[in-house]
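Notes to accompany the following structure.
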Amino acid sequence: MAFTAQDVKALREMTNVGMMDCKKALTECDGDMDKAVEWLREKGLAKAAKKAGRIAAEGMAYAAVCPECGVGAVVEVNCETDFCAKSELFVAFVKDICKVVIKDNPADVEALMNCKYPGSELTVAETLPEKVMSIGENLQIRRFVRYGENTSVAYVHAGGKIGVLVNLAVEGGIDATEIGKDVAMQIAALNPRFWDKSEVTEDVLEQEKKIAMALMDQDPKNASKPAAIKEKIVMGKMNKFYQENCLLQQEFVKDGSMSVEKYIESAAKALGGSVKFVTAVRFAKGEGIEKKEEDFAAEVAAQMNMGKK
């Protein structure tokens, strides 16, 4: 029985086994999907397939910059437990994935899976099941960002809890590493909604103004004031909004007398050059992943009640 590329993809999704192994299994089993699953189990890949259903919400966010080419990348790879996330095998795997992103510039995670794994003739997709078996937990390569232009600076907080990659336009031949790291630490700590006030959309501004106006109308001191005065007060509150939510307008954590924007400008000037913040990315491990909550007390109580019947 012949099989198609869609069959290979379906088998991979069912088993979490590498593409080439799925293709081989379907070839050996004449395209029979059920037999192919059994064939993979018999070859020792079932452990990876079983673990694929578990929720991987722990893991590591890691950022690095290639010292030779200057390309930077930040990746998030997930596993099941914090214990695994701290293991040498897992950390090495995450760093290898970051190297692949830097070297091969894949378009997305699917393209990354087809790249060669460092120091091997196998692809990342073919290597992943082996890593699942050796590490002993379900692993998911979740996301990555790569910057190939300008100057990138990487920062990893708390052993991989947060990974930040900052991209700067640097002129004057200066080393902006310390500036980039300071900005990255600010991003890690305060997680701003926007990089600059120019990025705040009209709908967000309107919503904030609406909230500020509603609060003012509830305040007896301000409720009776003329509309023009209220508008001025609201605009003042918008400046406060920028300072709290926009990176460049935020108070610089290391020196509260200046904004982040002013810090970058003054630090670069002191080095004899100029630095402009271009963009950045902040990954916090597991953000947005729904963890499976086990209510053991309820489970035990249910079992006890069943025993009484």
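The values are calculated or read from the model by the stated rules, or taken from the named source; none is laboratory data. The model shown is predicted, which means the values in this text are computed figures rather than measured ones. Cβ placement follows ideal geometry from the backbone for every residue including glycine, while neighbour counts extend to all protein chains displayed. Areas reflect the complete protein model, heavy atoms only, side chains present, ligands, DNA and RNA absent. Shrake-Rupley method; radii C 1.70, N 1.55, O 1.52, S 1.80 Å.
One line per residue, one yes/no per condition, for (1) out of contact with any helix residue (DSSP H, G or I) (no Cβ under 9 Å at 6 or more places or on another chain); (2) within 26 Å of Thr151 (Cβ to Cβ):
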{"position": "Asn222", "(1), (2)": "no, no"}
{"position": "Pro226", "(1), (2)": "yes, no"}
{"position": "Lys230", "(1), (2)": "no, no"}
{"position": "Val234", "(1), (2)": "no, no"}
{"position": "Leu247", "(1), (2)": "no, yes"}
{"position": "Val260", "(1), (2)": "no, yes"}
{"position": "Leu271", "(1), (2)": "no, yes"}
{"position": "Ser274", "(1), (2)": "no, yes"}
{"position": "Glu287", "(1), (2)": "yes, no"}
Check whether at least one residue in the range 82-103 is open to solvent by 20 Å² or more (accessible area, probe 1.4 Å) and touching a Leu at 6+ places or on another chain (Cβ under 9 Å), and report yes or no.
no
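Condition check: crowded, with 17+ Cβ neighbours inside 10 Å, more than 30 Å from Leu168 (Cα to Cα) and more than 25 Å from the chain's Cα centre (by Cα). Does Val234 satisfy that?
It is true that Val234 is crowded, with 17+ Cβ neighbours inside 10 Å, more than 30 Å from Leu168 (Cα to Cα) and more than 25 Å from the chain's Cα centre (by Cα).
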Complete set of residues in the range 117-131 that are surrounded by fewer than 15 Cβ atoms within 10 Å (Cβ to Cβ) and in contact with a Cys (Cβ under 6 Å, 6 or more places away or on another chain)
none
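If you go through the range 108-116 one residue at a time, do you hit one that is assigned to a strand (DSSP E or B), charged (D, E, K, R) and open to solvent by 20 Å² or more (accessible area, probe 1.4 Å)? Explain how you work it out, then say what you get.
Let us first name the residues in the range 108-116 that are assigned to a strand (DSSP E or B), namely 116.
Subsequent filtering for residues that are charged (D, E, K, R) retains 116.
Filter once more, so that each one left must be open to solvent by 20 Å² or more (accessible area, probe 1.4 Å): 116.
Yes, some residue in the range 108-116 is assigned to a strand (DSSP E or B), charged (D, E, K, R) and open to solvent by 20 Å² or more (accessible area, probe 1.4 Å).
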Scope the range 186-209; condition open to solvent by 70 Å² or more (accessible area, probe 1.4 Å) and either part of a helix (DSSP H, G or I) or hydroxyl-bearing (Ser, Thr, Tyr) (or both); matching residues:
Ala189, Leu190, Lys197, Ser198, Glu199, Glu202, Asp203, Glu206, Gln207
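Tell me the residue from Gly180, Gly163 that is surrounded by 13 or more Cβ atoms within 10 Å (Cβ to Cβ) and outside any helix (DSSP H, G or I), please. Show your work before the answer.
On the way: Gly180 fails: outside any helix (DSSP H, G or I).
Only one candidate qualifies: Gly163.
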